[in-house]
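Engineer: First the structure, then my questions, so here it is.
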Number of protein chains: 2
Amino acid sequence: MRSPLCDAFGIDYPIFAFTPSEHVAAAVSRAGGLGVLGCVRFNDTEELERVLTWLDDNTDDKPYGVDIVMPMKIPTEGTSVDLKAMIPDEHISFVERTLLQLGVPPLPEGEGREGVLGWLHSIARSHLDVALKHRPVFIANALGSPPKDVIDKCHEHGIKIGALAGAAKHALSHVENGVDIIIAQGYEAGGHTGEVASMVLTPDVVDAVGPDVPVLGAGGIGSGRQIAASMALGAQGVWMGSLWLGTEEYRGMGNNSEAWETAFTRATSSDTVRTRVYTGKPARLLKTKWTEAWAEDGAPSPLPMPLQNLLVAEAHNRISAANDPDVISMPVGQIVGRMNEVRPVAEVMADLVSEFEETVRRLDKISG
Amino acid sequence: MRSPLCDAFGIDYPIFAFTPSEHVAAAVSRAGGLGVLGCVRFNDTEELERVLTWLDDNTDDKPYGVDIVMPMKIPTEGTSVDLKAMIPDEHISFVERTLLQLGVPPLPEGEGREGVLGWLHSIARSHLDVALKHRPVFIANALGSPPKDVIDKCHEHGIKIGALAGAAKHALSHVENGVDIIIAQGYEAGGHTGEVASMVLTPDVVDAVGPDVPVLGAGGIGSGRQIAASMALGAQGVWMGSLWLGTEEYRGMGNNSEAWETAFTRATSSDTVRTRVYTGKPARLLKTKWTEAWAEDGAPSPLPMPLQNLLVAEAHNRISAANDPDVISMPVGQIVGRMNEVRPVAEVMADLVSEFEETVRRLDKISG
């Protein structure tokens, strides 16, 4: 399984693994793919610094990437305290009431009040500054084109820029803004996602940006057959996120590993929901009592980004600490239906590659 | 492009074309695929009789299929008049008000008051009785498993039964009920559709039903690349509906051909919506001022099947007669974004096959 992206990045397989876990990212890179570390969780740049140093030391000199969350237009931004003042009381009391109903206890005094600040532009920019002191070969931006100075700075460092797109017109504007690689994220993906499914979106984006811009297929990809399908649609590689949430290396992220494992192993592909409750923008999450509560009659409408994330930040920490498989707040794609056991990354990677090769041989027979 | 389905049905390509037009169905069968005539539009069984006789005479002795709309459980069913009494006044006045606002004129006296009755079980059963007097090789049921006696009767006639499924568990129960072929209809499809996208649904269904039950991939398929992707996912063939709405042979169906051509050629893949306004069950339609009106605050919630279809039946006839590209009520999948010109079926078929072969050669190179 080789595409021009393998040569461009010095990787064996054009499999890009988006993950918040440095252990997963390192294992994917060591296995011949490109591990891409999600930075949004790092409120503390010193922690990111330590983690990237660890990645430098644990990837056998193989390349890796990072993922930041940065809008192109620099927003007017207050402190977390200023922003919190904009959250209506109705929303705060709904969250509190819902957690009570779902049996999610409060946190011990002094713990976990802080939300994820990586959604704030200033924090995302500090992630970039830290990353540039290390050796990422690829920086992906979850919110589309990053600001022009960021693109220029990365290019000066020889780093390629990727941006997520959920529609062909967005992909085109990313290319005009200087983005090198488009991640065409279909409706079935976990996390932020549009309404066009990968089967339609991937060729739409591939044809819109033309042969000189590599496209990664994202959304609905968790097996070698799905990688082959994405490449049949014109992708030069794939961007996978959910699958790694079911690996041994992911264990230990957060403190609700057990609940999460129970929840994802029993989920079917119908057990996700695209909702604004996680960040304020539509994102696909595991369907649990938490997401269902927001879908009930009388529930408030989620707030816009970044307010919604601040609203639910403490709730997420409480939910995580409660470790209850019925009450989970986790972005995951429709492939969760096939995440039925926890395996080491190297084994997952080997299976992806061999199933891909097997699929191409099967298509050869159909082609005759 | 050959799969075991080609031998089973005596066709050259495992391309199943669902269409309300006998001209499209015949052209697909003549070009080596399997044309499948949608029967729901035939209120008058004598008309269906005439059309199937025409199909018998115009398919160069190639096989064809028919599609019926029949729930497995036989519902208690009143006449159209009884059912109409169950429709709330609020809904009737909303439809009338909306048509007025959208500039859709009333029909001339005495014309087009009747809705599509094919959604009623008794009518669907009469379609079957007529079909059995002709030579269909395949009968597909849009509402899942047909009643057992229908399956048995078809099998006695040597006819294979197909059923649409939007989730693996539905596919499994169809197989238990005696269905021969599963049509895995993904979220991106036109018409009735579930929430799981083809990229995830197709392998889910293929693995659930096992190697002895052929699966047709449906939803998001309008090109040879998409056929290759669907087969990479494990489908033995494809079921395509929307694509044929943009063929020369389809022209002349209904009386708003011009408006429809304008509407679909300008639509992007983002210009569809999954809504209950067409039949009462979620179905993907072209997004127009008509579907948008139902999505506005204060619009009534669509009624359950079959009431919603009766409610909007006259509206559909008025909309069709008005021939306005901004006000269309038409099921179509997300591939509408690539339906940009009207072409003859034979040309479309030839392109599908050659792009499929080209795609397999490209994958061979990636596989190395």
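The values are calculated or read from the model by the stated rules, or taken from the named source; none is laboratory data. All values derive from a computational prediction rather than experimental measurement. Glycine also receives a Cβ, built like all others from the backbone with ideal geometry; neighbour counts cover every protein chain displayed. Keep in mind that these areas ignore ligands, DNA and RNA; they rest on the heavy atoms of the full protein, side chains included. Shrake-Rupley method; radii C 1.70, N 1.55, O 1.52, S 1.80 Å.
Engineer: Can you give the calculated 222 nm mean residue ellipticity of chain A, where each DSSP H run of n ≥ 4 adds -39,500 (n - 2.57) and the sum is split over every residue, rounded to the nearest 500 deg cm²/dmol?
Structural biologist: Calculated at 222 nm, the ellipticity per residue is -12500 deg cm²/dmol.
Engineer: Quick one: Debye curve from the C-alpha atoms of the protein assembly as shown, no solvent, what's log10 I(q)/I(0) at q = 0.05, 0.12 Å⁻¹?
Structural biologist: Relative scattering, expressed as log10 I(q)/I(0), comes to -0.26, -1.37.
Engineer: Also: Using Cα pairs closer than 8 Å and at least 6 residues apart in sequence, work out the relative contact order for chain A, in percent.
Structural biologist: Rounded, it is 19 percent for chain A.
Engineer: Next up: In whole percent, and with a 1.4 Å probe on the protein chains, what portion of the accessible area of chain B is carbon and sulfur?
Structural biologist: Heavy-atom surface of chain B belonging to carbon and sulfur, 1.4 Å probe: 51 percent.
Engineer: Once the other residues with Cβ under 13 Å from the Cβ of residue B:246 are scored (Lys, Arg +1; Asp, Glu -1), what is the net sum?
Structural biologist: -2
Engineer: Along the charge dipole of the stretch B:262-303, Cβ charges K/R +1 and D/E -1, which of B:273, B:299, B:283 sits furthest on the positive end?
Structural biologist: It is B:283.
Engineer: With the solvent-accessible surface defined on protein heavy atoms using a 1.4 Å probe, which residues belonging to the stretch B:225-259 display a reduction of at least 40 Å² in accessible area in the multichain context relative to the isolated chain?
Structural biologist: When all protein chains are present, B:225, B:226, B:229, B:231, B:232, B:233 each give up 40 Å² or more of accessible surface.
Engineer: Considering protein heavy atoms only and a 1.4 Å probe radius, which residues within the stretch A:320-356 exhibit an accessible-area decrease of no less than 20 Å² in the full assembly relative to the chain by itself?
Structural biologist: So the qualifying set is A:334, A:338, A:356.
Engineer: In the stretch B:267-281, what residues drop by 20 Å² or more in accessible surface going from the chain by itself to the full protein assembly, probe 1.4 Å?
Structural biologist: B:269, B:270
Engineer: Which whole-number percentage describes the relative contact order of the stretch A:32-72, with Cα contacts under 8 Å and a sequence gap of 6 or more?
Structural biologist: Relative contact order for the stretch A:32-72 comes out at 67 percent.
Engineer: Taking θ = phi - 60°, what integer Hz values does the Karplus form 6.51 cos²θ - 1.76 cosθ + 1.60 yield along the stretch B:156-166, in sequence order, with x for Gly and Pro?
Structural biologist: 4, 7, x, 9, 8, 10, x, 9, 6, 9, x
Engineer: Order of B:336-346, A:315-325, A:135-145 by packing, highest average Cβ count within 10 Å first?
Structural biologist: A:135-145, A:315-325, B:336-346
Engineer: If we count every other residue with Cβ under 12 angstrom of residue B:155's Cβ, Lys/Arg +1 and Asp/Glu -1, where does the sum land?
Structural biologist: Taking every other residue near residue B:155 into account, the sum is -1.
Engineer: If N is the number of residues in chain A, what value comes out of its Cα radius of gyration divided by 2.2 N^0.38 Å?
Structural biologist: 0.95
Engineer: Using a 10 Å cut-off on Cβ atoms, rank the peptides A:206-219, B:1-14, B:216-229, A:92-105 from the highest mean neighbour count down.
Structural biologist: Result, highest mean Cβ count within 10 Å first: B:216-229, A:206-219, B:1-14, A:92-105.
Engineer: Of the peptides B:174-187, A:43-56, how do they stack up when ordered by the mean number of other Cβ atoms within 10 Å, highest first?
Structural biologist: Output ranking for B:174-187, A:43-56: B:174-187, A:43-56.
Engineer: Now, a different point. Excluding ligands, DNA and RNA, what is the solvent-accessible area per residue of the stretch A:118-222 at a probe of 1.4 Å, expressed in Å²?
Structural biologist: With the other protein chains kept in place, the stretch A:118-222 gives 30 Å² per residue.
Engineer: Taking a label point 7 Å from Cα toward Cβ, how far is residue B:101 from its twins in the other copies, in nm, shortest first?
Structural biologist: 3.2
Engineer: Then there's this: Can you give me the accessible area per residue for the stretch B:293-368, using a 1.4 Å probe, in Å²?
Structural biologist: On a per-residue basis, 40 Å².
Engineer: Also, quick follow-up: If amide H atoms are built 1.01 Å from N in the plane of the peptide, which residues on other chains or at least 5 residues away come under 5 Å of the amide H of residue B:332?
Structural biologist: Residues meeting the amide H criterion: B:191, B:285, B:286.
Engineer: Pairs to check: A:148/B:365; B:169/B:281; B:169/B:287. Give those whose C-alpha atoms are more than 25 Å from each other in this structure.
Structural biologist: A:148/B:365; B:169/B:287, as the Cα separations exceed 25 Å there.
Engineer: Further question on the same structure: Return the long-range amide H neighbours of residue B:34 (sequence gap of 5 or more, or a different chain), with a cut-off of under 5 Å between placed amide H atoms.
Structural biologist: It is B:15, B:16, B:17, by chain and number.
Engineer: What are the ³J(HN,Hα) couplings of the stretch A:220-233, residue after residue, when phi is run through the Karplus curve with 6.51, -1.76, 1.60 and θ = phi - 60°? Round to Hz, x for glycine and proline.
Structural biologist: x, 10, x, 8, x, 5, 6, 5, 4, 4, 5, 6, 4, 6
Engineer: Going 7 Å from the Cα of residue B:271 in the Cα-to-Cβ direction, what parts of the stretch B:182-222 have a backbone nitrogen less than 15 Å from that spot?
Structural biologist: Flagged as within label range: none.
Engineer: Could you state the orientation-averaged shadow area of the convex hull built on the Cα atoms of the stretch B:1-69, in nm² to one decimal?
Structural biologist: The directionally averaged projection comes out at 4.4 nm².
Engineer: Also: Tell me, what HN-Hα J-couplings in whole Hz come from the Karplus equation 6.51 cos²θ - 1.76 cosθ + 1.60 at θ = phi - 60° for each residue of the stretch B:28-45, using x for Gly and Pro?
Structural biologist: 5, 4, 4, 8, x, x, 10, x, 10, 7, x, 9, 4, 6, 8, 6, 10, 5
Engineer: When the Kirkwood hydrodynamic radius is evaluated over all pairs of different C-alpha atoms of the stretch A:101-193, what value in angstrom, to one decimal, is obtained?
Structural biologist: Computed over Cα pairs of the stretch A:101-193, the Kirkwood hydrodynamic radius comes out at 15.3 Å.
Engineer: Something else now. If the cut-off is 12 Å between C-alpha atoms, which aspartates and glutamates fall inside it for residue B:289, apart from same-chain ones fewer than 8 positions away?
Structural biologist: Cross-link targets: B:271, B:324, B:326.
Engineer: Give, as a single signed number, the net charge of other residues whose beta carbon lies under 14 Å from the beta carbon of residue B:272, with Lys and Arg counted +1 and Asp and Glu -1.
Structural biologist: Net charge around residue B:272: 0.
Engineer: Now for a separate question. Summing both sides, how much accessible area is buried between B and A? Use a 1.4 Å probe and give Å² to the nearest 100.
Structural biologist: Interface area, both chains combined: 3600 Å², rounded to the nearest 100.
Engineer: How many nm is it between the label spots at residue A:346 and residue A:152, if each spot is 7 Å from the Cα in line with the beta carbon?
Structural biologist: Placing both labels 7 Å along Cα→Cβ, they lie 4.5 nm apart.
Engineer: Measuring label to label, 7 Å along Cα→Cβ, what does residue A:61 give against each other copy in nm, shortest first?
Structural biologist: 7.1
Engineer: Right, something else. Enumerate the amide H contacts of residue B:272 below 5 Å, restricted to partners 5 or more residues apart or on another chain; note that Pro and chain-start residues carry no placed amide H.
Structural biologist: Under 5 Å from the amide H of residue B:272: B:287.
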